Each structure stands twice: as C-alpha cells, then as structure tokens.
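No value in this document is a laboratory result; all are computed from the given coordinates. Since we're looking at a predicted model, the values are computed, not measured. Counting neighbours? That spans all protein chains shown, and the Cβs are built from the backbone with ideal geometry, glycine included.
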Amino acid sequence: MTELPTPQRQDIASLLEDRADRIPDDVFFLFNETVDTYAAFNQKANRFAHGLSASGVVDDEIVAVMMPNSAEFMYAWFGILKLGAVEAPINTAFRSRGLAHLLNLCECRVLVLDEQFVDQIAEVAQELTTVKTIILRGDAYAARKVLPMEVLDYEQVMSDQTSNPQRPEIDALERAMILFTSGTTGRSKGCVLSHRYLYHHAELIVRQFQVTKADTLYSPFPLFHADAAYLTILPAILAGCRAALSERFSASRYWSEIRKYGATVFDFMGATLTILWKQQPKADDPDNLVRLAWGVPMPEFAEAFEKRFDLKLVEVYGLTDAGVGVFQPLDEPRRPGACGKPVSSYDYRIFDDDDRELPTGEIGEIVIRPNEPGIMMNEYLKMPAETLATMRNLWLHSGDLGFFDEAGYLHFVQRKKDAIRRRGENISAFEIEEIVTLHPSVLESAAIGVPSELSEEEVMVWLVLRPGCSMSEPELITHCESRMAAYMVPRYVQIVEALPKTPTEKVEKYKLVERGVTAATWDREAVGTARTISA
C-alpha cells in the first residue's frame, strides 16, 4: 500500500490539512455514531477555529480544554492548533487546589468546558486569575448562574466558515501542547511539547508498529493522556488511516467496540489487560481484527492473553517529559522483564547518583538525551528550577531505575521518585499528603503505593492525628473525595502515633513500604470497618 508523503510544513494543523487535501473522502475519526472523513473533520475543526478567533485567541496563546472524550473535544483541539495557539488538555478528575493550580499556571484566558465539570470550576472560580471566557458544551444558560466568567455556547461558537484559517508560519520547535505530568515530586508540572515532539511520536508509532492505511487505531483513554492524543490520533493522521475513541474504558463493552470500529491496533496501560483477562472467557474472544496491542505493564499471563484473543502484545517505555523512545522489536521474541530497545533518535544510559554511567547489568537511574532537536519536552511551564534539575548535566533524568542486558534491552525495575502508579495514572504522593494534611485532625501524613491485585499499586496513606483530636477513616475519605481526583483517593488508611523519620526529619517511606498493609489497616473496599480513633 502506497505510503502518504510527508508534508513540507511539520506543524500538526498542516498535517491534518494535507491529509484532508490528499484523501478527503477517506474515513478518519470514529466516536460512538460520529464518522468523520478527513475533509469533514478538517472543516469542523476550521469552524471551531474561526469561532475561537472571533473570541480574540491569537498565536501562541494557551487555551485549556476540560472535556470528556468527544467529537467536540477533537474539533476544539485541532481548531486551537489551526490558529497557531497552544492546547492545554486538563485532567477532568482534578478539582479544588490542584485544578486551580493547573489553570493559573497556563494563564489561559479561554477554557473549553463540558457542562459536567461546571461545578468543579465554580468551586475554584474565585482562585482563577486569568480565565475570562468559558466555551461550554451543554447548558450555557444554567452555567451562567454559577460561573462569574463570560459563558459562550459551544455550538454557537462554531462558525459557518469551513475554509482553513490563516495562521502565521509555525516553527516545528514551537510549543503545540501543554501536557501535565502527575507531579511525582511535587505539584503537577506542565510539559511544554513542540510540534516536532508530537510529529516525531506519530512517526515512531507508524514505523515501529508498521501502521498502514488499512489500520484502525483504537484507544479507550482520555484525550488529556498521551496514549489517546499523540500516540493514537496523530499516528492515524500521518498514516492516513482511521482513529477510534471510546468515551472511557469499559470491560463490558471493550470487545464490542473493537469489533464495531474494526480496530486493528489498541493501547493498554495500568490494569487494562488484567481486567480484560479476568472477564469470563467467551467463544468469540478471538473474533476480532486486532493484530497488535501495545503498552505497559506487560502481565505474566501475556502469552495466554495473546492466544485467547488472537493478537500480539508488545511493550514500550517512555515518559511525557522525554517521550517514548523504547520499543519491543516486532521481529524479535519477547524478553521477559524487558521493555524493548531504544530507537536511534534517543540515547539511553544508566547513571548512578553522581551521574556516572554504570556498566551493563547494573541498576541505576534511566537517563535520556535526544539525537534530534525538538523530540523531548522544551521545558516545564514556568518552572525553570525544576527544568534544570531534571535536565542536569545535559541528560533528562527519568526518576526511574533500570538496567540494560547484554542484548541491549532496557529493563525497568522501579520508580526512584516519590510516585504511586494506580490503574494507569501516575499519582503525586506530595499532592495526596498536602490534601490529607488539610484535615483539621491530621498532624502529618505519608502516602505510599502498595501492591494491587489488579497489577500496579493501590494508594495507602499513613497519618498522625493532632493531640486531643479524633477521626474516623471514612471521615478522611469524605474529606479526600471532595478535594482530589477519584483515582488519588486512598484505599488504605493507617493511623499511627508517629511516622519513622531520618535525623533530618524526612519520613523514611521505605519503612512504611516494608510494613505495608496489615490486619490493623483500614480498607475502604472492605465492609464494616468504620471506626473512630483518637490521638
């Protein structure tokens, strides 16, 4: 099958416009009952772009989007890029202090919002320093009653103009997206990603997974995640094939959607494969067109999964800051415990704590350096100190521990940084502790990850109560649920008299990890464990 030529301009909007010119009638985007050809999708993105321009959005301005997966999210994303502006997709689970932090960091004037998140914005409206206009998908009249900003109806913003809007010449190294990390060593950081970064990852997916026009790439993950955005949607555009999204991951409808869309490639992360594997086996499990599924982590039952569903599983390694630069070669057998081999555009090494390279087989920090410009993040948005710390000695420090084997395969061992990985989400222990400690009965706290039966980790929080105070564990959970994303809310709570600390008063979390969950630990998924504890 003939490969589509690479456009001369390598900004993302130009890539879409090129495909709309070359293959206008080919189907591109599938979502529920939406079936957009390349030409139709491009025109709808143009309509949003012209309407957004009427709101005064200009080149390089950051526009935030807080929506669930939807056709409207997609039109907004590409409409923003068509003006030379920068998209900042916001994790829809964020609320309270964390949500205000993200929006203020972006200094966005315009926020594209879905009506189901109006209450979350209303909670922090007085803390938002720059948001002046809300473009709302839903009941704009009702939203105006609770939001102090200008509220515009999404459908009314959509212009009648369908032509490609004029925009300034865009350097491929200029920023195109602000994608937020989980804040694994503090508050969430905004990775500034260039057009070249996004384009390069589309190229890598197409090349490494041998994507052609015959493929349909499917993702059940949200568009504020790399997996759905630049690792599914953009490779589909580059290859001129189809991209299909789900509203959210659902084990019960997963395979029916795979069949409905004719998906040939899908991505997985977190507990996805475990949840699918635990479903009751069916006679039609292998009845699908999927040839390849990629992601992390690779489960022990990978071979049995491949046989049951008649597909191939491959692993990768990457992080938003540095990009995805390690892939399992399709023409080589899987090596248990290995992520794959680095591609030529990145240089991967293993360093000790003093940034000295370690020999093959020794465990140290995974560090990365690009061999081409623009294929790693430009910086952390407005965080120069954090940017310099991560990029010290001209190498991006991943915060992950690993080693290389004799065959050149990278093995991931564990995280070095203070983070918890739960069901595909990287969670900042710092942000959990910050919110837990806001409870008036809590003196101090420490959040850790403990093993989960679904793979990866569950959140466990250890806390010390203030003298003379009392609190029940469900009371703490209620406190957390109103202030943090649902995936951050602890499953396990352990109230203790004191936390183990170093002489410099740093919590010795490794000791808490060693203790883990015991018979005395409160589990919110258990029944009848409510109790009140006093200090």
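Would you mind working out the magnitude of the charge dipole of the range 376-535 relative to its Cα centre, with +1 at each Lys and Arg C-beta and -1 at each Asp and Glu C-beta, to the nearest 20 Debye?
Working: 18 positive and 24 negative charges, 56 e Å.
Value, rounded to 20: 260 debye.
Counting only other residues whose beta carbon sits under 10 Å from that of PHE351, what net charge do I get with K and R as +1, D and E as -1? Spell out each step's value before the answer.
Numbers: positive: ARG349, ARG356; negative: ASP352, ASP353, ASP354, ASP355, GLU357, GLU365.
After counting each charged neighbour, the total is -4.
Between GLU247 and ARG466, what FRET efficiency follows from the Cβ-Cβ distance if R0 is 56 Å, with the result rounded to 0.05? List each step's numbers first, then the result.
On the way: r = 43 Å, r/R0 = 0.77.
Efficiency, rounded to the nearest 0.05: 0.85.
Find how much the distance from LEU289 to SER163 grows on full extension, using 0.36 nm per residue of separation minus their present alpha carbon separation; answer in nm with one decimal. List each step's numbers first, then the result.
Numbers: separation 126, 0.36 × 126 = 45.36 nm, distance 3.61 nm.
Value of the extension gain: 41.7 nm.
Pull up all non-local amide H partners of GLU444: gap of 5 or more, or a different chain, and H-to-H distance under 5 Å with H placed in the peptide plane.
Sorted by chain and number, the residues that satisfy this are VAL464.
Which order do the peptides 465-477, 395-407 come out in when sorted by mean C-beta neighbours inside 10 angstrom, highest first?
Values: 465-477: 15.8, 395-407: 17.5.
Most protected by this proxy first, the peptides run 395-407, 465-477.
Taking the Cβ of each residue in LEU319, LEU113 as the centre, tally the other Cβ atoms inside 10 Å and list the residues starting with the fewest. Mind showing how you got there, number by number?
Numbers: LEU319 21, LEU113 27.
Listing LEU319, LEU113 from fewest to most nearby Cβ atoms yields LEU319, LEU113.
Would you please give the FRET efficiency between GLU508 and ASP354, computed as 1/(1 + (r/R0)^6) with r the Cβ-Cβ distance and R0 = 25 Å, to the nearest 0.05? Don't skip to the end; give the middle numbers.
Numbers: r = 22 Å, r/R0 = 0.90.
With a Förster radius of 25 Å, E is 0.65.
With labels modelled as points extended 7 Å from the Cα through the Cβ direction, what inter-label distance (nm, one decimal) is found for ARG335 paired with ASP405?
A separation of 0.5 nm, rounded to one decimal place.
Name the residues of the range 400-415 whose amide N is less than 18 Å from a point 7 angstrom out from the Cα of GLU306 along the C-beta direction?
409-410
What Cys residues in the chain are without a partner cysteine, judged by a Cβ distance under 4.7 Å?
CYS191, CYS241, CYS339, CYS469, CYS480
Once phi is turned into ³J(HN,Hα) by the Karplus curve 6.51 cos²θ - 1.76 cosθ + 1.60 with θ = phi - 60°, what whole-Hz value does each residue of the range 50-59 show in order, with x for glycine and proline?
Using θ = phi - 60°, the values come out as 5, x, 5, 4, 5, 8, x, 5, 10, 3 Hz.
Placing one identical point scatterer on every Cα of the range 226-366 and ignoring solvent, what is log10 I(q)/I(0) from the Debye formula at q = 0.12, 0.16 Å⁻¹?
Per q value, in the given order, log10 I(q)/I(0) is -0.57, -0.94.
With the cut-off at 22 Å, tell me which of the pairs LYS312/LYS416; LYS416/LYS509; LYS341/LYS382; LYS82/LYS189 have Cα atoms farther apart than that. Numbers along the way, then the final one.
On the way: LYS312/LYS416 30 Å; LYS416/LYS509 12 Å; LYS341/LYS382 33 Å; LYS82/LYS189 25 Å.
Exceeds cut-off: LYS312/LYS416; LYS341/LYS382; LYS82/LYS189.
If the viscosity is 1.002 mPa s and the temperature 20 °C, what Stokes-Einstein diffusion coefficient in µm²/s follows for the range 240-285 when Rh is the Kirkwood radius over Cα pairs?
Working: Rh = 11.8 Å.
It comes out at roughly 182 µm²/s.
Jot down the per residue volume, in cubic angstrom and as a whole number, of the convex hull over the alpha-carbon atoms of the range 56-132. Could you put the intermediate results ahead of the total?
Working: hull volume 6.1 nm³, N = 77.
Normalising the Cα hull of the range 56-132 by residue number yields 79 Å³.
Restrict the search to the range 1-44; then list the GluC sites (Glu not before Pro) that DSSP places in a loop and that have at most 13 other Cβ atoms within 10 Å of their Cβ.
On the way: sites: GLU3, GLU17, GLU33; in loops: GLU3, GLU33.
In loop regions of the range 1-44 (DSSP not H, G, I, E or B), the sparsely surrounded GluC sites (Glu not before Pro) are GLU3, GLU33.
At 7 Å along the Cα-to-beta-carbon direction for both LEU173 and LEU454, put a label point, then send me their distance in nm to one decimal.
Placing both labels 7 Å beyond Cα along the Cβ direction yields 4.3 nm.
First measure r as the distance between the Cβ atoms of SER55 and LYS145, then evaluate 1/(1 + (r/R0)^6) with R0 = 35 Å and state the FRET efficiency to the nearest 0.05. Kindly include the intermediate steps, with their values, before the conclusion.
Details: r = 21 Å, r/R0 = 0.61.
Efficiency, from the Cβ-Cβ distance: 0.95.
Would you work out the charge dipole size for the chain about its Cα centre, treating the Cβ of every Lys and Arg as +1 and the Cβ of every Asp and Glu as -1, and quote it to the nearest 20 debye? Each step should come with its number before you reach the end.
On the way: 55 positive and 78 negative charges, 110 e Å.
For the chain, the charge dipole is close to 520 debye.
Pop a pseudo-label 7 angstrom from the Cα along the beta-carbon direction at both ALA498 and LYS278 and give the gap in nm to one decimal.
Label at ALA498, label at LYS278, 3.9 nm between them.
Taking N as the number of residues in the range 37-194, what is its Cα Rg relative to 2.2 N^0.38 Å?
1.00
In whole Hz, with x marking every Gly and Pro, tabulate ³J(HN,Hα) for the range 248-255 from phi via Karplus 6.51 cos²θ - 1.76 cosθ + 1.60, θ = phi - 60°.
6, 5, 9, 4, 5, 10, 4, 6
In whole angstrom, how far apart do the alpha carbon centroids of the range 97-120 and the range 52-88 sit?
Each part's Cα centre sits 14 Å from the other's.
At each listed q (0.14, 0.16 Å⁻¹), what is the log10 of I(q)/I(0) that the Debye formula gives for the range 419-534 modelled as equal alpha-carbon point scatterers?
Taking Cα atoms of the range 419-534 as identical point scatterers yields -0.53, -0.70.
Any idea how far the Cα center of the range 221-294 sits from the one of the range 354-383, in Å?
Between the Cα centres of the range 221-294 and the range 354-383 lies a distance of 30 Å.
Could you point to the residue in THR133, LEU234, ALA251 farthest towards the positive end of the chain's charge dipole, with +1 and -1 charges on the Cβ of Lys/Arg and Asp/Glu respectively?
ALA251
Take the Cα atoms of the chain, find their three principal axes, and give me the spread along each one in whole Å, biggest first.
69, 62, 54
Which shape class applies to the range 307-419: rounded if a/c is under 1.5, otherwise prolate when a/b exceeds b/c and oblate if not, where a ≥ b ≥ c are the square roots of the Cα gyration tensor eigenvalues? Walk me through the numbers on the way to the answer.
Values: a/c = 1.97, a/b = 1.55, b/c = 1.27.
Here the range 307-419 falls in the prolate category.
Write out the trypsin sites (Lys or Arg not before Pro) in the range 1-53 meeting two conditions: DSSP loop, and at most 16 other Cβ atoms within 10 Å of their Cβ. Walk me through the numbers before you get to the answer.
On the way: sites: ARG9, ARG19, ARG22, LYS44, ARG47; in loops: ARG9.
Within the range 1-53, the qualifying trypsin sites (Lys or Arg not before Pro) (loop, at most 16 other Cβ atoms within 10 Å) are ARG9.
Looking at the chain, send over the antiparallel percent of its DSSP beta bridges, to the nearest 5. Provide the component values of the computation, followed by the final result.
Working: 53 of 92 bridges.
About 60 percent, rounded to the nearest 5.
Taking 2.2 N^0.38 Å as the expected size of a compact globular protein, what ratio does the Cα radius of gyration of the range 145-194 give against it, to two decimals? If you can, show how the numbers build up before the last one.
On the way: Rg = 17.4 Å, N = 50, 2.2 N^0.38 = 9.7 Å.
Rg over 2.2 N^0.38 Å, computed on Cα atoms: 1.78.
What list of ³J(HN,Hα) couplings, whole Hz, do you get for the range 322-328 from phi and the Karplus terms 6.51, -1.76, 1.60, once you set θ to phi - 60° and write x for glycine and proline?
Going residue by residue, I get 9, x, 9, x, 10, 9, 6 Hz, with x marking Gly and Pro.
Using Cβ contacts closer than 10 Å as the measure, can you line up MET298, MET383 from fewest to most? Present the calculation step by step, with values, prior to reporting the outcome.
Numbers: MET298 22, MET383 17.
So the ranking, lowest neighbour count to highest, is MET383, MET298.
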